[in-house]
1. Looking at (1) in contact (Cβ under 8 Å) with a residue 12 or more places away in the chain; (2) out of contact with any helix residue (DSSP H, G or I) (no Cβ under 6 Å at 6 or more places or on another chain), which is the one condition that is false for residue 55?
2. Considering only region 26-56, state which residues are surrounded by 12 or more Cβ atoms within 10 Å (Cβ to Cβ) and not in a helix (DSSP H, G or I).
3. Exactly one condition in (1) more than 20 Å from residue 3 (Cα to Cα); (2) in contact (Cβ under 8 Å) with a residue 24 or more places away in the chain is not met by residue 50; state its number.
4. Based on this model, can you work out whether residue 4 counts as touching a helix residue (DSSP H, G or I) at 6+ places or on another chain (Cβ under 6 Å), assigned to a helix (DSSP H, G or I) and exposed (fewer than 14 other Cβ atoms within 10 Å of the Cβ)?
5. For residues that are part of a helix (DSSP H, G or I) and over 10 Å from the mean Cα position of the chain (by Cα), tally how many sit in region 10-25.
């Protein structure tokens with residue numbers, strides 16, 4: 001497994017952790033939802049860039 005694959009796996013783990021946190025909490029504040037949404041957006045962007053880099 002090369003560095004890109006390891007990083008993709010890491011980001012997927014982070015994304016799943018955030019999603020699990022959001023889905024398991026019924027009393028999140030608006031700020032928490034926005035913060036986690038921003039974190040997910042950044043991670044998804046990085047993940048997409050890594051997948052494109054891997055194809056090339």
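Every number in this text was worked out from the coordinates using simple rules, so none of it is lab data. Please read these numbers as outputs of a predicted model, since none were measured by experiment. Here the Cβ positions follow ideal geometry from the backbone for every residue, glycine too, while neighbour counts run over all protein chains shown.
1. (1)
2. Passing the criteria: only 28.
3. Of (1) more than 20 Å from residue 3 (Cα to Cα); (2) in contact (Cβ under 8 Å) with a residue 24 or more places away in the chain, only one is false for residue 50: (1).
4. For residue 4, the condition - touching a helix residue (DSSP H, G or I) at 6+ places or on another chain (Cβ under 6 Å), assigned to a helix (DSSP H, G or I) and exposed (fewer than 14 other Cβ atoms within 10 Å of the Cβ) - is met.
5. 5
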